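The values are calculated or read from the model by the stated rules, or taken from the named source; none is laboratory data. All of these numbers come straight from a predicted model, not from anything done at the bench. Glycine gets a Cβ as well: all are built from the backbone with ideal geometry, and neighbour counts include every protein chain shown.
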Amino acid sequence: MILAGYFTGARLGNLGRLKWENIDLVERSFAFVQDKTDVKIKVPIHPELLEYFHALKMPADRGKPIFPSLCHLPGPGHNGLSMRFKCLTAITKFQIIRQALDKVSRLPELPEK
């Protein structure tokens, strides 16, 4: 779902409810109704995202969600997708900082002048 958000700019709630019937792999696009505007939009699928969708293997029932473990979650709110994404990015930032500090601590000391 993070790839889909990155390559499309779509809201997490819209992506969470995305179903296989919304995707046209031949035309390389998907369409859905935006929550905020209630407008149907059609978005081209980036080649890397298309590769990811092909790897998922479309089910026979195209009414199934693409992200089944996330489709039941609301977009906003404490238990929603937005908060989970915020926590994930915070953890990732912490890990990046920790790795950088670890690398710095292994640098040889500079000679004093």
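Among what's in the stretch 69-83 and is closer than 20 Å to E21 by Cα and surrounded by fewer than 11 Cβ atoms within 10 Å (Cβ to Cβ), pick the residue that is modelled with the highest pLDDT. Give the steps one after another, and end with the answer.
Pass one, the stretch 69-83, residues closer than 20 Å to E21 by Cα: 69-73.
After this cut, where a residue has to be surrounded by fewer than 11 Cβ atoms within 10 Å (Cβ to Cβ) as well, the list is 69, 72.
Details: S69: 68, H72: 63.
My answer is S69.
So L12 passes all but one of these: (1) within 20 Å of R62 (Cβ to Cβ); (2) crowded, with 18+ Cβ neighbours inside 10 Å. Which condition number does it fail?
Condition (1) is where L12 drops out.
Return the residue satisfying two criteria in turn: it lies in the stretch 35-55 and is in contact (Cβ under 8 Å) with a residue 24 or more places away in the chain and not charged (D, E, K, R), and of such residues it is nearest to P68 (Cα to Cα).
Residues of the stretch 35-55 that are in contact (Cβ under 8 Å) with a residue 24 or more places away in the chain, as a first pass: 35-36, 43, 45-46, 48-50, 52-54.
Narrowing the set further to residues that are not charged (D, E, K, R) leaves 43, 45-46, 49-50, 52-54.
On the way: V43: 21, I45: 20, H46: 21, L49: 17, L50: 18, Y52: 15, F53: 14, H54: 16 Å.
This residue is F53.
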